[in-house]
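S.K.: Structure incoming, see below.
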Amino acid sequence: MKIKKILVSQPQPKTEKSPYYDIINKFNVKIDFRPFIKVEPIAAKEFRTQRICILDHTAIIFNARHGIDHFFRLCEEMRITVPETMKYFCVSETVALYLQKYIQYRKRKVFFTQTGMFADMPALLKKHSNEKFLFVTSNVRNEETLKTLEDANITFQQAIMYQTVSNEISAKELEEYDMLIFFSPAGIKSLYENAPNFVQGDIQIGCLGTNTAYAIRQAGLRLDLEAPTKEFPSMTMALENHLKEDRKLNGKK
């Protein structure tokens with residue numbers, strides 16, 4: 001089946017230079033951007049019930065840019081001055097560079113995996129075993145991510161600093177698409193909250209990140225496209241190659 005219509009579960013790019021628009025023009029596909037989830041803040045009062053002292057930690061683990069935003073938001077609300085000695089460990093370079101919004105970026109205190117895969121985070125953290133790690137997450141417990149750290153005997157404390165809630169989308173709307181692309185396990189949770197009886201059938205599913213891939217397979221769905229890989233480190237690169245293969249399979253250039 002030729003892929004003609006794709007749903008990307010992210011906000012629409014703010015710039016026309018986004019690679020997604022190149023893909024639309026190159027392959028004559030329709031791409032709709034519609035987040036399956038939205039992120040909401042957790043108030044300082046609610047955060048305090050977790051009994052976490054941020055300044056007891058010397059390093060912060062970030063798995064997403066949302067975590068960065070809400071970490072510094074809560075610090076500001078609670079009038080916590082983050083010391084310049086604080087270290088930051090990020091799942092990817094993209095997430096790490098986002099820290100420039102809040103701190104002066106120095107390589108000696110900002111670290112990230114070269115692959116963008118959380119599975120490679122323990123090897124990075126073990127090089128700094130004397131640090132006291134705080135892992136910033138949402139309210140959606142990601143068992144695979146936590147298990148990755150626990151299995152590697154990484155000592156850390158989890159801090160829930162924001163929450164993800166589902167956006168509404170009907171089962172009938174989902175049936176209009178040839179492909180759905182997800183970027184977080186929460187997106188899969190939202191899928192089934194909106195369409196409890198969802199049947200994949202011929203609909204292809206793609207995702208970014210090992211945690212999202214794990215959630216898709218746990219839900220019993222078929223995963224047709226997974227990024228990042230060494231050859232295709234971004235979703236847009238992986239999607240472009242996938243569409244090339246799809247056109248070859250269907251006798252189209």
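S.K.: Just rank Glu240, Glu93, fewest to most, by other beta-carbon atoms within 10 angstrom.
M.R.: Arranged by neighbour count, lowest to highest, Glu240, Glu93 become Glu93, Glu240.
S.K.: Taking 2.2 N^0.38 Å as the expected size of a compact globular protein, what ratio does the Cα radius of gyration of the stretch 40-164 give against it, to two decimals? Walk me through the intermediate numbers first.
M.R.: On the way: Rg = 13.4 Å, N = 125, 2.2 N^0.38 = 13.8 Å.
With N residues counted in the stretch 40-164, Rg over 2.2 N^0.38 Å equals 0.97.
S.K.: By a straight-distance test (C-alpha under 14 Å), which aspartates and glutamates pair with Lys248 as possible cross-link partners, with residues fewer than eight away in the same chain excluded?
M.R.: Cα-Cα hits under 14 Å: Glu240.
S.K.: Hey, another quick one. Order of Arg65, Arg108 from fewest to most other C-beta atoms within 10 Å?
M.R.: Ascending number of Cβ neighbours within 10 Å: Arg108, Arg65.
S.K.: Extending each Cα 7 Å along its Cβ direction at Ala43 and Asn139, get the distance between those two points in nm, one decimal.
M.R.: 1.3 nm
S.K.: Could you pull out every residue, at least 5 positions away or on a different chain, whose amide H is within less than 5 Å of the one on Phe135? Hs are placed 1.01 Å off N in the peptide plane, and Pro or chain starts have none.
M.R.: Ile61, Gln157, Gln158, Ala159
S.K.: Follow-up question, since we're still on this one. Give the long-range amide H neighbours of Gln204: residues separated by 5 or more places, or on another chain, with amide H under 5 Å away, using H modelled in the peptide plane at 1.01 Å from N.
M.R.: Met179, Leu180
S.K.: Quick one: which residues, 5 or more positions from Ser92 or on another chain, have an amide H under 5 Å from its amide H? H modelled 1.01 Å from N in the peptide plane, none for Pro or chain starts.
M.R.: When sequence neighbours closer than 5 places are left aside, the close amide H contacts are Thr113.
S.K.: For Ala195 and Leu55 in one chain, what is 0.36 nm times their gap in residues minus the Cα-Cα distance, to one decimal in nm?
M.R.: Residue separation times 0.36 nm, minus the Cα-Cα distance, leaves 46.2 nm.
S.K.: What FRET efficiency do you get for Lys109 and Tyr21 if R0 is 35 Å and r is their Cβ-Cβ distance, rounded to the nearest 0.05? List each step's numbers first, then the result.
M.R.: Working: r = 36 Å, r/R0 = 1.03.
Computed FRET efficiency for Lys109 and Tyr21 comes out at 0.45.
S.K.: Label-point separation (nm) for Lys5 and Leu223, each offset 7 Å from Cα along Cα-to-Cβ?
M.R.: Rounded to a tenth, the inter-label distance reads 2.7 nm.
Coordinate-derived values only; no laboratory data. Remember, predicted model here, so these are calculated numbers, not experimental data. Note: ideal-geometry Cβ built from the backbone for every residue, glycine included; neighbour counts use all protein chains shown.
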